[in-house]
Amino acid sequence: MQPTIEFLFDFASPNVYLAYRALPPILKRTGARVEIIPCLLGGIFKATNNRSPIVAFAEVKGKVGYEMLEIRRFVDKHKINFRMNPHFPVNSLTLMRAFVAAQDAGEEADFIEMGLKGMWEDGLKLDDPDVLKQAIDAAGLDGAGLLAAAQTDRVKTKLADNTAAAVARGVFGLPTFFVGSEMFWGKERLPQVEEAVLALAA
């Protein structure tokens, strides 16, 4: 049976982007598949009284600068094309709802690439509905259709339920991964994720 890595996911986090870009070699080495679970990072933060590192450590001398250094090291190690979005933080609510709609339509892979590239390579302001529609259309997807679907109760409920379920499992930030019942938080835990997959398959 093929092992599965659950990847709890929101385009709003640069670390989600970096983890996603660094994941393919792990999937190749382990034979695992990845299951992307859309969640709303802002909802997770609110439910767990958490904040983004840039906000949480803003007054800690040297801390934010070091966080950015670690990002640069990770980017260099994995040879990732990344730049910080000049509009950060970008409200990802509509983007994530449209992603749920894209998953339901069987368009997950194309939508993920559009969202990650737009947010963390091209620096787009994807909380602007016009910018988002243009980016979706440019990816060969139906921007108007997906944005309309994003406003349906079914899609809204699914994203809210995913977020609540993540919090119930102990999630407090993203990226978070599950291998079986084991939880791993942060892109730096990817080596542990790989070890857990190999142990599960042994």
Residue hits (segment 29-49; within 11 Å of residue 174 (Cα to Cα) and part of a loop (DSSP other than H, G, I, E, B)) are 39, 40
Cβ pairs under 6 Å, 6+ apart, first in segment 177-197 and of a type in the set (Lys, Arg), second in a helix (DSSP H, G or I) and open to solvent by less than 10 Å² (accessible area, probe 1.4 Å): 187/18; 187/19
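Before we move on, is residue 157 over 15 Å from residue 95 (Cβ atoms) and part of a helix (DSSP H, G or I)?
Against the criterion (over 15 Å from residue 95 (Cβ atoms) and part of a helix (DSSP H, G or I)), residue 157 qualifies.
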Here is a list of conditions, (1) over 23 Å from residue 178 (Cβ atoms); (2) part of a helix (DSSP H, G or I); (3) free of Cβ contacts under 8 Å to residues at least 12 places away in the same chain; (4) open to solvent by 50 Å² or more (accessible area, probe 1.4 Å), and residue 64 meets all of them except one; can you say which number that is? (4)
Restricting segment 96-154 to residues that are charged (D, E, K, R), without any contact (Cβ under 8 Å) to a residue 24 or more places away in the chain and under 18 Å from residue 16 (Cβ atoms), which is least open to solvent (accessible area, probe 1.4 Å)? 122
Looking only at segment 168-196, count every residue that is closer than 16 Å to residue 36 by Cα, in a helix (DSSP H, G or I) and either hydrophobic (A, V, I, L, M, F, W, C) or touching a strand residue (DSSP E or B) at 6+ places or on another chain (Cβ under 9 Å) (or both) and tell me the total. 2
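The values are calculated or read from the model by the stated rules, or taken from the named source; none is laboratory data. Just so it is clear, the model here is predicted, and its values are computed rather than measured. With ideal geometry, Cβ positions are generated from the backbone for all residues, glycine too; neighbour counts draw on all protein chains shown. Keep in mind that these areas ignore ligands, DNA and RNA; they rest on the heavy atoms of the full protein, side chains included. Shrake-Rupley method; radii C 1.70, N 1.55, O 1.52, S 1.80 Å.
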